[in-house]
Amino acid sequence: MLGAGGAGLARGLRAGAQAWLWGARGRSLALVQAASGLHAAGWQPSARRGPGGRPLSLSAAAVVNSAPRPLQPYLRLMRLDKPIGTWLLYLPCTWSIGLAADPGCLPDWYMLSLFGTGAVLMRGAGCTINDMWDQDYDKKVTRTASRPIAAGDISTFQSFVFLGGQLTLALGVLLCLNYYSIALGASSLLLVITYPLMKRITYWPQLALGLTFNWGALLGWSAIKGSCDPSVCLPLYFSGIMWTLIYDTIYAHQDKKDDALIGLKSTALRFREDTKKWLSGFSVAMLGALSLVGVNSGQTAPYYTALAAVGAHLAHQIYTLDIHRPEDCWEKFASNRTIGLIIFLGIVLGNLWKAKETDEAKKNLENRIEN
(Lines give C-alpha, C1' and ligand atoms only; values in the text may rest on other atoms or scores of the structure.)
Protein backbone atom coordinates (compact mmCIF):
# COMPACT_ATOMS: atom_id res chain seq x y z
CA MET A 1 0.00 0.00 0.00
CA LEU A 2 2.71 2.47 1.01
CA GLY A 3 4.83 1.51 -1.98
CA ALA A 4 1.96 2.04 -4.39
CA GLY A 5 1.06 5.33 -2.77
CA GLY A 6 4.65 6.55 -2.87
CA ALA A 7 4.95 5.63 -6.53
CA GLY A 8 1.75 7.44 -7.38
CA LEU A 9 2.83 10.52 -5.44
CA ALA A 10 6.20 10.47 -7.17
CA ARG A 11 4.51 10.36 -10.56
CA GLY A 12 2.35 13.28 -9.53
CA LEU A 13 5.32 15.38 -8.42
CA ARG A 14 7.29 14.58 -11.56
CA ALA A 15 4.37 15.56 -13.76
CA GLY A 16 3.88 18.75 -11.77
CA ALA A 17 7.51 19.70 -12.34
CA GLN A 18 7.15 18.94 -16.04
CA ALA A 19 4.26 21.37 -16.22
CA TRP A 20 6.63 24.26 -15.50
CA LEU A 21 9.43 22.92 -17.66
CA TRP A 22 7.24 22.37 -20.72
CA GLY A 23 5.63 25.78 -20.66
CA ALA A 24 2.07 26.74 -21.49
CA ARG A 25 1.47 24.25 -24.33
CA GLY A 26 2.47 21.17 -22.31
CA ARG A 27 1.22 22.40 -18.98
CA SER A 28 -2.35 21.10 -19.20
CA LEU A 29 -1.30 17.52 -19.97
CA ALA A 30 1.31 17.48 -17.23
CA LEU A 31 -1.15 18.76 -14.67
CA VAL A 32 -3.58 15.99 -15.59
CA GLN A 33 -0.75 13.50 -15.10
CA ALA A 34 0.02 15.08 -11.76
CA ALA A 35 -3.57 14.68 -10.67
CA SER A 36 -3.50 11.05 -11.77
CA GLY A 37 -0.39 10.40 -9.72
CA LEU A 38 -1.88 12.01 -6.66
CA HIS A 39 -5.06 9.99 -7.04
CA ALA A 40 -3.00 6.78 -7.22
CA ALA A 41 -1.28 7.82 -4.02
CA GLY A 42 -4.62 8.11 -2.27
CA TRP A 43 -4.73 11.91 -2.13
CA GLN A 44 -8.07 13.69 -2.44
CA PRO A 45 -8.54 17.40 -3.19
CA SER A 46 -10.51 17.91 0.02
CA ALA A 47 -10.07 21.66 0.07
CA ARG A 48 -12.11 22.11 -3.09
CA ARG A 49 -15.75 21.13 -3.08
CA GLY A 50 -18.42 20.96 -5.71
CA PRO A 51 -22.20 21.30 -5.52
CA GLY A 52 -23.67 19.90 -2.31
CA GLY A 53 -20.34 20.11 -0.52
CA ARG A 54 -18.96 16.96 -2.18
CA PRO A 55 -15.19 16.84 -2.77
CA LEU A 56 -14.09 17.39 -6.36
CA SER A 57 -12.12 14.55 -7.97
CA LEU A 58 -10.87 13.63 -11.43
CA SER A 59 -11.72 9.91 -11.05
CA ALA A 60 -14.45 8.52 -13.27
CA ALA A 61 -16.45 7.26 -10.29
CA ALA A 62 -16.34 10.69 -8.67
CA VAL A 63 -17.49 12.37 -11.87
CA VAL A 64 -20.48 10.02 -12.05
CA ASN A 65 -21.27 10.58 -8.36
CA SER A 66 -21.20 14.35 -8.86
CA ALA A 67 -23.68 14.19 -11.77
CA PRO A 68 -27.37 15.05 -11.19
CA ARG A 69 -28.99 12.17 -9.30
CA PRO A 70 -31.54 11.26 -12.01
CA LEU A 71 -28.66 10.74 -14.46
CA GLN A 72 -26.43 8.65 -12.21
CA PRO A 73 -28.16 5.27 -12.77
CA TYR A 74 -27.85 5.72 -16.55
CA LEU A 75 -24.17 6.66 -16.29
CA ARG A 76 -23.55 3.60 -14.12
CA LEU A 77 -25.50 1.48 -16.59
CA MET A 78 -22.99 2.63 -19.24
CA ARG A 79 -20.19 1.82 -16.76
CA LEU A 80 -18.82 5.35 -17.08
CA ASP A 81 -17.67 4.97 -13.49
CA LYS A 82 -15.49 2.02 -14.59
CA PRO A 83 -13.73 3.13 -17.79
CA ILE A 84 -11.35 0.17 -18.04
CA GLY A 85 -13.84 -1.65 -20.31
CA THR A 86 -13.94 1.32 -22.67
CA TRP A 87 -10.15 1.32 -22.84
CA LEU A 88 -10.07 -2.40 -23.67
CA LEU A 89 -12.60 -1.85 -26.46
CA TYR A 90 -10.85 1.24 -27.79
CA LEU A 91 -7.22 0.12 -27.79
CA PRO A 92 -7.47 -2.45 -30.64
CA CYS A 93 -8.96 0.37 -32.73
CA THR A 94 -5.90 2.51 -32.01
CA TRP A 95 -3.57 -0.32 -33.03
CA SER A 96 -5.31 -0.65 -36.37
CA ILE A 97 -5.42 3.10 -37.01
CA GLY A 98 -1.75 3.40 -36.09
CA LEU A 99 -0.72 0.56 -38.40
CA ALA A 100 -2.67 2.12 -41.26
CA ALA A 101 -0.77 5.41 -41.02
CA ASP A 102 1.74 6.24 -43.75
CA PRO A 103 5.42 5.58 -42.92
CA GLY A 104 6.87 8.37 -40.85
CA CYS A 105 3.43 9.78 -39.96
CA LEU A 106 1.48 9.89 -36.72
CA PRO A 107 -1.93 8.19 -36.57
CA ASP A 108 -4.95 10.10 -37.81
CA TRP A 109 -6.04 12.06 -34.72
CA TYR A 110 -9.52 12.69 -36.11
CA MET A 111 -10.08 8.95 -36.48
CA LEU A 112 -8.66 8.28 -33.02
CA SER A 113 -11.13 10.80 -31.58
CA LEU A 114 -14.02 9.41 -33.60
CA PHE A 115 -13.30 5.84 -32.54
CA GLY A 116 -12.87 6.98 -28.94
CA THR A 117 -16.37 8.43 -29.00
CA GLY A 118 -17.68 5.27 -30.63
CA ALA A 119 -15.98 3.11 -27.99
CA VAL A 120 -17.70 4.98 -25.16
CA LEU A 121 -21.10 4.64 -26.84
CA MET A 122 -20.76 1.02 -27.93
CA ARG A 123 -19.31 -0.12 -24.63
CA GLY A 124 -22.24 1.60 -22.93
CA ALA A 125 -24.68 -0.07 -25.30
CA GLY A 126 -23.06 -3.46 -24.73
CA CYS A 127 -23.29 -3.05 -20.96
CA THR A 128 -26.93 -2.01 -21.25
CA ILE A 129 -27.73 -5.10 -23.34
CA ASN A 130 -25.76 -7.28 -20.93
CA ASP A 131 -27.65 -5.96 -17.89
CA MET A 132 -31.01 -6.31 -19.63
CA TRP A 133 -30.28 -9.97 -20.40
CA ASP A 134 -28.71 -10.68 -16.99
CA GLN A 135 -30.87 -8.71 -14.56
CA ASP A 136 -32.20 -11.86 -12.85
CA TYR A 137 -28.71 -13.32 -12.55
CA ASP A 138 -27.20 -10.02 -11.38
CA LYS A 139 -29.55 -9.98 -8.39
CA LYS A 140 -28.01 -13.26 -7.18
CA VAL A 141 -24.36 -12.15 -7.42
CA THR A 142 -22.97 -9.90 -4.71
CA ARG A 143 -20.71 -7.90 -7.03
CA THR A 144 -23.47 -7.18 -9.56
CA ALA A 145 -26.55 -6.86 -7.33
CA SER A 146 -26.17 -3.07 -7.20
CA ARG A 147 -26.27 -2.62 -10.99
CA PRO A 148 -29.06 -0.16 -11.91
CA ILE A 149 -31.48 -2.60 -13.56
CA ALA A 150 -30.93 -5.37 -11.01
CA ALA A 151 -31.32 -2.89 -8.15
CA GLY A 152 -34.53 -1.46 -9.63
CA ASP A 153 -33.11 2.02 -10.24
CA ILE A 154 -33.99 1.74 -13.96
CA SER A 155 -36.85 -0.25 -15.47
CA THR A 156 -36.42 -2.59 -18.41
CA PHE A 157 -38.40 -0.20 -20.60
CA GLN A 158 -36.25 2.78 -19.58
CA SER A 159 -33.08 0.83 -20.31
CA PHE A 160 -34.47 -0.16 -23.71
CA VAL A 161 -35.14 3.48 -24.59
CA PHE A 162 -31.70 4.44 -23.32
CA LEU A 163 -30.16 1.68 -25.44
CA GLY A 164 -31.90 3.10 -28.50
CA GLY A 165 -30.41 6.52 -27.79
CA GLN A 166 -26.88 5.11 -27.45
CA LEU A 167 -27.15 3.09 -30.66
CA THR A 168 -28.51 6.09 -32.52
CA LEU A 169 -25.53 8.21 -31.47
CA ALA A 170 -23.16 5.35 -32.32
CA LEU A 171 -24.75 5.15 -35.76
CA GLY A 172 -24.02 8.85 -36.21
CA VAL A 173 -20.35 8.14 -35.50
CA LEU A 174 -20.34 5.16 -37.89
CA LEU A 175 -21.84 7.25 -40.69
CA CYS A 176 -18.76 9.49 -40.58
CA LEU A 177 -16.75 6.60 -42.09
CA ASN A 178 -16.52 5.26 -45.63
CA TYR A 179 -19.15 2.88 -47.02
CA TYR A 180 -17.01 -0.23 -46.56
CA SER A 181 -16.48 0.63 -42.90
CA ILE A 182 -20.15 1.43 -42.36
CA ALA A 183 -21.09 -2.06 -43.59
CA LEU A 184 -18.28 -3.66 -41.58
CA GLY A 185 -19.21 -1.79 -38.40
CA ALA A 186 -22.93 -2.55 -38.76
CA SER A 187 -22.16 -6.26 -39.11
CA SER A 188 -20.77 -6.31 -35.56
CA LEU A 189 -24.16 -5.49 -34.05
CA LEU A 190 -25.18 -9.16 -34.02
CA LEU A 191 -22.13 -9.95 -31.87
CA VAL A 192 -22.89 -7.05 -29.53
CA ILE A 193 -26.45 -8.30 -28.97
CA THR A 194 -25.69 -12.02 -28.58
CA TYR A 195 -22.40 -12.23 -26.70
CA PRO A 196 -24.02 -11.65 -23.26
CA LEU A 197 -26.04 -14.85 -23.83
CA MET A 198 -23.00 -17.04 -24.40
CA LYS A 199 -22.35 -17.58 -20.68
CA ARG A 200 -25.61 -19.56 -20.59
CA ILE A 201 -24.66 -22.06 -23.28
CA THR A 202 -20.86 -22.40 -23.41
CA TYR A 203 -17.81 -22.36 -21.16
CA TRP A 204 -16.20 -20.03 -23.74
CA PRO A 205 -18.16 -16.77 -23.44
CA GLN A 206 -14.80 -14.97 -23.27
CA LEU A 207 -14.19 -16.07 -26.86
CA ALA A 208 -17.47 -14.44 -27.92
CA LEU A 209 -16.42 -11.30 -26.08
CA GLY A 210 -13.09 -11.37 -27.89
CA LEU A 211 -14.78 -11.59 -31.27
CA THR A 212 -16.92 -8.59 -30.29
CA PHE A 213 -14.45 -6.37 -28.47
CA ASN A 214 -11.73 -6.57 -31.12
CA TRP A 215 -13.84 -5.71 -34.15
CA GLY A 216 -12.10 -2.34 -34.11
CA ALA A 217 -8.89 -4.10 -35.21
CA LEU A 218 -10.62 -4.57 -38.57
CA LEU A 219 -12.60 -1.36 -38.59
CA GLY A 220 -9.76 1.04 -37.79
CA TRP A 221 -7.70 -0.07 -40.79
CA SER A 222 -10.67 0.05 -43.16
CA ALA A 223 -11.61 3.54 -41.95
CA ILE A 224 -8.18 4.76 -43.10
CA LYS A 225 -7.55 2.58 -46.14
CA GLY A 226 -11.08 1.98 -47.43
CA SER A 227 -10.84 -1.82 -47.08
CA CYS A 228 -9.11 -4.48 -44.97
CA ASP A 229 -5.71 -6.00 -45.70
CA PRO A 230 -6.12 -9.62 -44.51
CA SER A 231 -2.37 -10.09 -44.04
CA VAL A 232 -2.38 -7.37 -41.34
CA CYS A 233 -5.95 -7.14 -40.07
CA LEU A 234 -6.64 -10.84 -39.51
CA PRO A 235 -3.58 -11.57 -37.33
CA LEU A 236 -4.22 -8.29 -35.50
CA TYR A 237 -7.82 -9.37 -34.87
CA PHE A 238 -6.65 -12.81 -33.73
CA SER A 239 -4.11 -11.28 -31.34
CA GLY A 240 -6.85 -9.13 -29.82
CA ILE A 241 -9.05 -12.19 -29.31
CA MET A 242 -6.22 -13.96 -27.50
CA TRP A 243 -5.70 -10.86 -25.38
CA THR A 244 -9.38 -10.80 -24.42
CA LEU A 245 -9.24 -14.47 -23.44
CA ILE A 246 -6.38 -13.56 -21.10
CA TYR A 247 -7.86 -10.57 -19.34
CA ASP A 248 -11.49 -11.72 -19.25
CA THR A 249 -10.59 -15.14 -17.90
CA ILE A 250 -8.79 -13.34 -15.09
CA TYR A 251 -11.85 -11.12 -14.64
CA ALA A 252 -14.19 -14.16 -14.56
CA HIS A 253 -12.34 -15.65 -11.61
CA GLN A 254 -13.89 -12.93 -9.46
CA ASP A 255 -17.36 -14.43 -9.91
CA LYS A 256 -16.63 -18.12 -10.38
CA LYS A 257 -18.27 -19.23 -7.11
CA ASP A 258 -21.47 -17.29 -7.79
CA ASP A 259 -21.47 -18.36 -11.45
CA ALA A 260 -21.21 -22.02 -10.48
CA LEU A 261 -24.11 -21.67 -8.04
CA ILE A 262 -26.49 -20.00 -10.51
CA GLY A 263 -25.51 -22.11 -13.53
CA LEU A 264 -23.48 -19.61 -15.60
CA LYS A 265 -20.37 -20.73 -17.48
CA SER A 266 -16.95 -19.14 -18.08
CA THR A 267 -13.39 -20.03 -19.01
CA ALA A 268 -12.53 -19.54 -15.32
CA LEU A 269 -14.77 -22.52 -14.49
CA ARG A 270 -13.47 -24.42 -17.52
CA PHE A 271 -9.76 -23.96 -16.76
CA ARG A 272 -9.89 -23.96 -12.92
CA GLU A 273 -6.42 -24.70 -11.53
CA ASP A 274 -4.98 -24.97 -15.06
CA THR A 275 -5.76 -21.30 -15.70
CA LYS A 276 -2.14 -20.17 -15.76
CA LYS A 277 -1.23 -22.80 -18.36
CA TRP A 278 -4.05 -21.66 -20.63
CA LEU A 279 -3.19 -17.99 -20.13
CA SER A 280 0.43 -18.73 -21.03
CA GLY A 281 -0.70 -20.41 -24.24
CA PHE A 282 -2.92 -17.46 -25.14
CA SER A 283 -0.02 -15.10 -24.47
CA VAL A 284 2.29 -17.00 -26.82
CA ALA A 285 -0.42 -16.98 -29.51
CA MET A 286 -1.02 -13.25 -29.00
CA LEU A 287 2.65 -12.36 -29.28
CA GLY A 288 3.12 -14.65 -32.28
CA ALA A 289 0.21 -13.00 -34.10
CA LEU A 290 1.49 -9.51 -33.26
CA SER A 291 4.91 -10.50 -34.59
CA LEU A 292 3.28 -11.60 -37.83
CA VAL A 293 1.48 -8.24 -37.96
CA GLY A 294 4.84 -6.52 -37.63
CA VAL A 295 6.39 -8.55 -40.45
CA ASN A 296 3.45 -8.06 -42.81
CA SER A 297 3.24 -4.31 -42.14
CA GLY A 298 7.00 -3.68 -42.32
CA GLN A 299 7.32 -2.66 -38.67
CA THR A 300 10.65 -1.63 -37.16
CA ALA A 301 12.71 -1.98 -33.99
CA PRO A 302 10.51 0.10 -31.61
CA TYR A 303 7.53 -2.12 -32.39
CA TYR A 304 9.39 -5.32 -31.53
CA THR A 305 10.81 -3.69 -28.42
CA ALA A 306 7.22 -2.97 -27.36
CA LEU A 307 6.30 -6.61 -27.97
CA ALA A 308 9.16 -7.68 -25.70
CA ALA A 309 7.82 -5.35 -23.00
CA VAL A 310 4.32 -6.78 -23.48
CA GLY A 311 5.71 -10.31 -23.15
CA ALA A 312 7.43 -9.37 -19.89
CA HIS A 313 4.24 -7.74 -18.59
CA LEU A 314 2.14 -10.80 -19.44
CA ALA A 315 4.67 -13.16 -17.86
CA HIS A 316 4.68 -11.15 -14.62
CA GLN A 317 0.90 -10.81 -14.68
CA ILE A 318 0.34 -14.55 -15.05
CA TYR A 319 3.12 -15.64 -12.68
CA THR A 320 1.90 -13.43 -9.82
CA LEU A 321 -1.84 -13.98 -10.42
CA ASP A 322 -3.78 -15.40 -7.49
CA ILE A 323 -7.01 -16.74 -9.00
CA HIS A 324 -8.49 -17.22 -5.53
CA ARG A 325 -8.27 -13.54 -4.58
CA PRO A 326 -10.88 -11.37 -6.36
CA GLU A 327 -8.94 -8.20 -5.50
CA ASP A 328 -5.83 -9.52 -7.23
CA CYS A 329 -7.87 -10.67 -10.22
CA TRP A 330 -9.30 -7.15 -10.61
CA GLU A 331 -5.86 -5.57 -10.32
CA LYS A 332 -4.39 -7.89 -12.95
CA PHE A 333 -7.40 -7.39 -15.22
CA ALA A 334 -7.16 -3.60 -15.02
CA SER A 335 -3.41 -3.67 -15.71
CA ASN A 336 -4.15 -4.82 -19.26
CA ARG A 337 -4.75 -1.21 -20.23
CA THR A 338 -0.98 -0.79 -19.88
CA ILE A 339 -0.43 -3.66 -22.32
CA GLY A 340 -2.70 -2.04 -24.91
CA LEU A 341 -0.98 1.33 -24.53
CA ILE A 342 2.48 -0.23 -24.89
CA ILE A 343 1.43 -1.88 -28.15
CA PHE A 344 -0.01 1.39 -29.46
CA LEU A 345 3.16 3.29 -28.51
CA GLY A 346 5.27 0.63 -30.21
CA ILE A 347 3.21 0.94 -33.39
CA VAL A 348 3.48 4.74 -33.44
CA LEU A 349 7.23 4.82 -32.76
CA GLY A 350 7.82 1.93 -35.14
CA ASN A 351 5.98 3.79 -37.86
CA LEU A 352 7.98 6.96 -37.27
CA TRP A 353 11.16 4.86 -37.41
CA LYS A 354 10.20 3.72 -40.92
CA ALA A 355 10.90 7.22 -42.24
CA LYS A 356 14.40 7.11 -40.78
CA GLU A 357 15.08 3.73 -42.39
CA THR A 358 13.67 4.97 -45.71
CA ASP A 359 15.94 8.05 -45.66
CA GLU A 360 18.99 5.91 -44.87
CA ALA A 361 18.14 3.51 -47.71
CA LYS A 362 17.82 6.43 -50.13
CA LYS A 363 21.19 7.84 -49.05
CA ASN A 364 22.86 4.44 -49.47
CA LEU A 365 21.33 4.07 -52.93
CA GLU A 366 22.49 7.56 -53.94
CA ASN A 367 26.02 6.84 -52.70
CA ARG A 368 26.13 3.62 -54.72
CA ILE A 369 24.97 5.43 -57.85
CA GLU A 370 27.57 8.19 -57.37
CA ASN A 371 30.33 5.63 -56.84
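The values are calculated or read from the model by the stated rules, or taken from the named source; none is laboratory data. Keep in mind that this is a model prediction, so the values were computed, not measured. As a convention, Cβ positions derive from the backbone with ideal geometry for all residues, glycine included, and neighbour counts pool all protein chains shown. To get the accessible areas, we keep the full protein, side chains included, count just its heavy atoms, and leave off ligands, DNA and RNA. Shrake-Rupley method; radii C 1.70, N 1.55, O 1.52, S 1.80 Å.
Here are the numbers:
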item	result
Odd one out for Lys82, checked against (1) closer than 23 Å to Ser66 by Cα; (2) crowded, with 24+ Cβ neighbours inside 10 Å	(2)
So Thr94, is it touching a residue at least 40 places away in the same chain (Cβ under 8 Å) and open to solvent by 40 Å² or more (accessible area, probe 1.4 Å)	no
Condition met for Leu234 (buried (at least 17 other Cβ atoms within 10 Å of the Cβ) and without any contact (Cβ under 8 Å) to a residue 24 or more places away in the chain)	yes
Among residues of region 283-308, those that are open to solvent by 50 Å² or more (accessible area, probe 1.4 Å) and under 10 Å from Val232 (Cα atoms), counted	3
Which listed residue, of Leu177, Leu191, Leu207, Leu171, is closer than 22 Å to Thr117 by Cβ, open to solvent by 60 Å² or more (accessible area, probe 1.4 Å) and either assigned to a helix (DSSP H, G or I) or not small (Gly, Ala, Ser) (or both)	Leu171
Boolean, Arg337 is surrounded by fewer than 16 Cβ atoms within 10 Å (Cβ to Cβ) and either at pLDDT 95 or above or within 23 Å of the chain's Cα centre (by Cα) (or both)	no
Residue in region 130-151 that is closer than 30 Å to Ala289 by Cβ and open to solvent by 50 Å² or more (accessible area, probe 1.4 Å) present	no
Listing of helices (runs of 4 or more DSSP H) fully contained in region 247-299 that carry 3 or more residues being over 21 Å from the mean Cα position of the chain (by Cα) and over 21 Å from Asp328 (Cβ atoms)	275-296
Residues of region 312-325 satisfying the condition of being crowded, with 17+ Cβ neighbours inside 10 Å and of a type outside the set (A, V, I, L, M, F, W, C)	Gln317
